[in-house]
Amino acid sequence: MNISEANMSKIIDEFIYEGFFSEYLPPSFKLSKEVDFLSFSIRDKNDLVEPYSFNMSRFTEDGKRRIIYIPEFCSYIKVVKYMKDKDLIRKLIEKSVDTHSYSPLINKNGELTRHESAYGLGVTLTDGDQNAFISTYVPNVIDKINRARGAKGILQLDISNCYQSIYTHLLPCIDLGFERTMQAYKLFKANQSDPAIPASYPLYQEFDKTIRCMNGDRTNGLLTGISISRFISEALFARIDEEIEREGIRFVRYVDDYEIFIYNEEELQRTQNTITNIFRKYYLSINNEKTKYIGFPYYVIDNLEAIVTKHLTRPMSEQQIMALFNCFFRLEENGTKGAIRFLVKALNNNVTITNRPIFLSYLYDILANDSRSLVKVCELIISHKRSFITTQEDINRIEKQIKYHIDNDNSLEAVWLIYLRFKLTKKYLKSEITNAITMCNNDLAKIVLLEEYNNKLTEKAKRQMIAKANSWILYYQLYFHDYIDEDCFSRNSGIKQNIAFYNRLKHNHFSFYVSR
């Protein structure tokens, strides 16, 4: 892959500064470039502080949750600095080039991709100008149809707990493959100076050590939510894909979801066994609950983008708005999981919103009933809030939803609803809502409350927030605002070796939340 130096420099920048927080969090969670934290010294000895974790919808299945992580900041900086110094970011991009993958790290324009997966549709949605809406869904399906020409059916396979199952000691496999990595390991263990050891082995072996610092020095599992894990997994799966291809198997992959083209149904079990054995070498296993064989006709799909385009007019009448939403509600009801969320995303990019009450009514209906679409609805309402009239009843609805998601421990939904509430009105939250937030286990929700309502928090709310804090990131934000002193921050966060680093962050007015 030929990437210009200017583009590579931009990719590395985005990788470091935008890859720390999950793309699903509100944009105020960000790393500011105004503080040159990469130049700050970090102790060699690690604190091994546990990463903070929160949950979000799994998108494809109602009620199922995915765990997302935020690593302790010093451990993250160690990794990205090592990757930058050793040119590993570029190396992983090059190793990830894979004709079977629909989840590339770099798009055709040589830019870093963000996979806005549309709840089971395997769709990458690209934001352009206000009137642009580009989906890779239909082009990908067309490509699959062409690749599967003459197949009897499609075998769908999924890796169980993909990121959590990746064994970090096998990172050298990205460059060497499994067999050569095992050989290199034996040589390295016997004599680290042996000239027969491939040059890349020590590089990835040290990378393994560095990566583990973000996850309590565990050798099993990458942290979901950070770009580092996506780069590693895509490069590793590209290597695994080479082994599957050598077996004469035709297939495509989206992240860890495989679609195998079956041309002889009598070979179905043998093909699955072959792939299972390849995965097993890498300590990966197939999720049998998601294994499915689809016979002809396969790839029978609704062109959601075409449906949206067909319905959209400017301006839209109330009847046209009803017809559009009803169409996608029926699609969702009939099994096209993610159709509603696809619609909300499309509307965010296409529609010049007019202040029609029915439009906002539909959005609040989705907000209350479809957790999988909640983030996109929040984004749409915020980006077009000047086109809407927000009533006190709307605020009351949002506050009820905040309480509901706090009580049910739905982390991401609660964070977004608090953020939405602040963007619509800066009036102080009811004491019942504030109390629920300060007493819950959702530290990101507390950070939004702390940052957006800082000057309105009572002393009681502050004390509760301090007493119930359970993550390094909230303790830092409390320290940043002088709610706690250095000793309290260090003792409760577990940060001792690198307390000077965090003191320097604070001195430079660095916050992990930048209010907009």
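For Ser165, only one of the following conditions fails: (1) small (Gly, Ala, Ser); (2) at pLDDT 85 or above; (3) farther than 25 Å from Phe279 by Cβ. What is its number?
(3)
Considering only residues that are more than 22 Å from Ser165 (Cβ to Cβ) and charged (D, E, K, R), look in the stretch 291-319 and name the one that is most open to solvent (accessible area, probe 1.4 Å). Even if it seems obvious, please write down each step before you answer.
The initial filter retains those residues of the stretch 291-319 that are more than 22 Å from Ser165 (Cβ to Cβ), namely 293-319.
Now drop any that are not charged (D, E, K, R), which leaves 302, 305, 310, 314, 318.
Values: Asp302: 68, Glu305: 50, Lys310: 166, Arg314: 141, Glu318: 82 Å².
Once the filter is applied, the top-ranked residue is Lys310.
If I go through the stretch 230-258 residue by residue, how many of them are open to solvent by 20 Å² or more (accessible area, probe 1.4 Å) and in contact (Cβ under 8 Å) with a residue 12 or more places away in the chain?
Pass one, the stretch 230-258, residues open to solvent by 20 Å² or more (accessible area, probe 1.4 Å): 230, 239, 242, 245-248, 250, 254-257.
Retained after the next criterion (residues that are in contact (Cβ under 8 Å) with a residue 12 or more places away in the chain): 230, 239, 242, 245, 247, 250, 254-257.
Here the count works out to 10.
Among the candidates Tyr453, Tyr476, single out the residue that is more than 19 Å from Tyr404 (Cα to Cα), modelled with pLDDT under 95 and under 29 Å from the mean Cα position of the chain (by Cα). Lay out the reasoning, then the answer.
Details: Tyr476 fails: modelled with pLDDT under 95.
Going through Tyr453, Tyr476 in turn, the sole match is Tyr453.
Criterion first (out of contact with any strand residue (DSSP E or B) (no Cβ under 6 Å at 6 or more places or on another chain) and open to solvent by 60 Å² or more (accessible area, probe 1.4 Å)) does Ser193 satisfy it?
Working: out of contact with any strand residue (DSSP E or B) (no Cβ under 6 Å at 6 or more places or on another chain): yes; open to solvent by 60 Å² or more (accessible area, probe 1.4 Å): yes.
Yes.
Taking the stretch 322-340 as the search range and keeping residues that are modelled with pLDDT under 90 and out of contact with any Leu (no Cβ under 7 Å at 6 or more places or on another chain), which one is nearest to Ser57 (Cα to Cα)? Outline the logic, then answer.
Applying the first criterion (modelled with pLDDT under 90) to the stretch 322-340 yields 335-338.
Add one more test, that the residue is out of contact with any Leu (no Cβ under 7 Å at 6 or more places or on another chain), and what stays is 335-337.
Numbers: Gly335: 18, Thr336: 17, Lys337: 13 Å.
Ranking the candidates gives Lys337 first.
Under the condition of being touching a residue at least 12 places away in the same chain (Cβ under 8 Å) and open to solvent by 40 Å² or more (accessible area, probe 1.4 Å), which residue from the stretch 35-56 is nearest to Phe231 (Cα to Cα)? Steps first, answer last, please.
Quick first cut of the stretch 35-56, residues touching a residue at least 12 places away in the same chain (Cβ under 8 Å) only: 35, 37-38, 40-43, 45-56.
With the extra rule that they be open to solvent by 40 Å² or more (accessible area, probe 1.4 Å), the set shrinks to 41, 43, 45-46, 48, 50, 53.
On the way: Ser41: 26, Arg43: 26, Lys45: 26, Asn46: 24, Leu48: 23, Glu50: 22, Ser53: 20 Å.
The extreme case among them is Ser53.
Kindly list the number of the only condition in (1) open to solvent by 50 Å² or more (accessible area, probe 1.4 Å); (2) more than 22 Å from Met316 (Cβ to Cβ) that fails for Asp365.
Unmet for Asp365, out of (1) open to solvent by 50 Å² or more (accessible area, probe 1.4 Å); (2) more than 22 Å from Met316 (Cβ to Cβ): (2).
When you scan the stretch 348-358, do you find a residue that is under 19 Å from Glu451 (Cα atoms), under 28 Å from the mean Cα position of the chain (by Cα), without any contact (Cβ under 8 Å) to a residue 40 or more places away in the chain and buried (at least 21 other Cβ atoms within 10 Å of the Cβ), even just one?
no
Within the stretch 402-419, how many residues turn out to be in contact (Cβ under 8 Å) with a residue 40 or more places away in the chain and among the aliphatic types (A, V, I, L, M)? Full working, then the answer.
Residues of the stretch 402-419 in contact (Cβ under 8 Å) with a residue 40 or more places away in the chain: 409-413, 415-417, 419.
Subsequent filtering for residues that are among the aliphatic types (A, V, I, L, M) retains 412, 415, 417.
Matching residues across the stretch 402-419 total 3.
Every residue in the stretch 291-334 that is of a type in the set (D, E, K, R) and assigned to a strand (DSSP E or B), please.
Applying the first criterion (of a type in the set (D, E, K, R)) to the stretch 291-334 yields 292, 302, 305, 310, 314, 318, 330, 332-333.
Scanning the stretch 291-334 gives a single hit, Lys292.
Give the residue that is nearest to Tyr69 (Cα to Cα), with candidates limited to residues of the stretch 15-24 that are in contact with a helix residue (DSSP H, G or I) (Cβ under 8 Å, 6 or more places away or on another chain) and open to solvent by 10 Å² or more (accessible area, probe 1.4 Å). Let's see the steps before the verdict.
Our first condition is that a residue be in contact with a helix residue (DSSP H, G or I) (Cβ under 8 Å, 6 or more places away or on another chain); within the stretch 15-24, this holds for 15-16, 18-20, 24.
Cutting the leftovers down to open to solvent by 10 Å² or more (accessible area, probe 1.4 Å) gives us 18, 24.
Details: Glu18: 14, Tyr24: 12 Å.
Only one residue fits best here, namely Tyr24.
On the basis of being part of a loop (DSSP other than H, G, I, E, B) and more than 30 Å from Ile301 (Cα to Cα), does Pro198 make the cut? It would help to see each step written out before you state the result.
Details: part of a loop (DSSP other than H, G, I, E, B): yes; more than 30 Å from Ile301 (Cα to Cα): yes.
In short, yes.
Tell me, please, whether a residue that is open to solvent by 10 Å² or more (accessible area, probe 1.4 Å), free of Cβ contacts under 8 Å to residues at least 60 places away in the same chain, closer than 28 Å to Ile389 by Cα and out of contact with any Leu (no Cβ under 6 Å at 6 or more places or on another chain) can be found in the stretch 457-475.
Within the stretch 457-475, one or more residues are open to solvent by 10 Å² or more (accessible area, probe 1.4 Å), free of Cβ contacts under 8 Å to residues at least 60 places away in the same chain, closer than 28 Å to Ile389 by Cα and out of contact with any Leu (no Cβ under 6 Å at 6 or more places or on another chain).
Is it true that Asp217 is in a loop (DSSP other than H, G, I, E, B) and in contact with a helix residue (DSSP H, G or I) (Cβ under 8 Å, 6 or more places away or on another chain)? So that I can check it myself, show each step before the final result.
Numbers: in a loop (DSSP other than H, G, I, E, B): yes; in contact with a helix residue (DSSP H, G or I) (Cβ under 8 Å, 6 or more places away or on another chain): no.
For Asp217, the condition - in a loop (DSSP other than H, G, I, E, B) and in contact with a helix residue (DSSP H, G or I) (Cβ under 8 Å, 6 or more places away or on another chain) - is not met.
Would you confirm, using the coordinates I've provided, whether Met83 is in contact (Cβ under 8 Å) with a residue 24 or more places away in the chain, assigned to a helix (DSSP H, G or I) and surrounded by fewer than 19 Cβ atoms within 10 Å (Cβ to Cβ)?
Working: in contact (Cβ under 8 Å) with a residue 24 or more places away in the chain: yes; assigned to a helix (DSSP H, G or I): yes; surrounded by fewer than 19 Cβ atoms within 10 Å (Cβ to Cβ): no.
Against the criterion (in contact (Cβ under 8 Å) with a residue 24 or more places away in the chain, assigned to a helix (DSSP H, G or I) and surrounded by fewer than 19 Cβ atoms within 10 Å (Cβ to Cβ)), Met83 does not qualify.
Looking only at the stretch 142-167, filter to residues that are surrounded by 17 or more Cβ atoms within 10 Å (Cβ to Cβ) and of a type in the set (A, V, I, L, M); which one of those is farthest from Asn264 (Cα to Cα)?
Out of the qualifying residues, it is Ile166.
In the stretch 409-444, which residue that is over 28 Å from His384 (Cβ atoms) and polar (S, T, N, Q) is surrounded by the most Cβ atoms within 10 Å (Cβ to Cβ)?
At the first step, the residues of the stretch 409-444 found to be over 28 Å from His384 (Cβ atoms) are 409, 431-432, 435-436, 438-441, 443.
Right, trim to polar (S, T, N, Q) and you get 431, 435, 438, 441.
Details: Ser431: 11, Asn435: 15, Thr438: 23, Asn441: 14.
Only one residue fits best here, namely Thr438.
Regarding Ser135, is this residue over 18 Å from the mean Cα position of the chain (by Cα), modelled with pLDDT under 95 and within 29 Å of Leu223 (Cα to Cα)? Even if it seems obvious, please write down each step before you answer.
On the way: over 18 Å from the mean Cα position of the chain (by Cα): yes; modelled with pLDDT under 95: yes; within 29 Å of Leu223 (Cα to Cα): yes.
In short, yes.
Return yes when Met322 is of a type outside the set (Ser, Thr, Tyr), surrounded by 17 or more Cβ atoms within 10 Å (Cβ to Cβ) and out of contact with any Cys (no Cβ under 8 Å at 6 or more places or on another chain) and no when it is not.
no
Taking helices (runs of 4 or more DSSP H) that do not extend beyond the stretch 450-516, which have at least 3 residues that are in contact with a Phe, Trp or Tyr (Cβ under 6 Å, 6 or more places away or on another chain)? Before the answer, list the steps.
On the way: elements: 459-468, 472-480, 486-493, 499-507.
Here the list reads 472-480, 486-493, 499-507.
Determine whether Lys78 is of a type in the set (D, E, K, R) and either in a helix (DSSP H, G or I) or buried (at least 16 other Cβ atoms within 10 Å of the Cβ) (or both).
In short, yes.
Got a number for residues in the stretch 278-290 being open to solvent by less than 40 Å² (accessible area, probe 1.4 Å) and either of a type in the set (Lys, Arg) or not in a helix (DSSP H, G or I) (or both)?
Qualifying residue count, the stretch 278-290: 4.
State yes or no: is Ile275 in contact with a strand residue (DSSP E or B) (Cβ under 8 Å, 6 or more places away or on another chain) and either open to solvent by 10 Å² or more (accessible area, probe 1.4 Å) or part of a helix (DSSP H, G or I) (or both)?
Numbers: in contact with a strand residue (DSSP E or B) (Cβ under 8 Å, 6 or more places away or on another chain): yes; either open to solvent by 10 Å² or more (accessible area, probe 1.4 Å) or part of a helix (DSSP H, G or I) (or both): yes.
Here the answer is yes, as Ile275 does meet what is asked.
Just one of the numbered conditions (1) outside any loop (DSSP other than H, G, I, E, B); (2) open to solvent by less than 10 Å² (accessible area, probe 1.4 Å); (3) at pLDDT 95 or above is not true of Met8; which one?
Among (1) outside any loop (DSSP other than H, G, I, E, B); (2) open to solvent by less than 10 Å² (accessible area, probe 1.4 Å); (3) at pLDDT 95 or above, Met8 violates only (3).
The values are calculated or read from the model by the stated rules, or taken from the named source; none is laboratory data. Note that the coordinates shown come from a computational prediction; the quantities given were computed from them, not determined experimentally. Because the Cβ atoms are built from the backbone with ideal geometry, glycine has one as well, and the counts that use them run over all protein chains shown. Areas reflect the complete protein model, heavy atoms only, side chains present, ligands, DNA and RNA absent. Shrake-Rupley method; radii C 1.70, N 1.55, O 1.52, S 1.80 Å.
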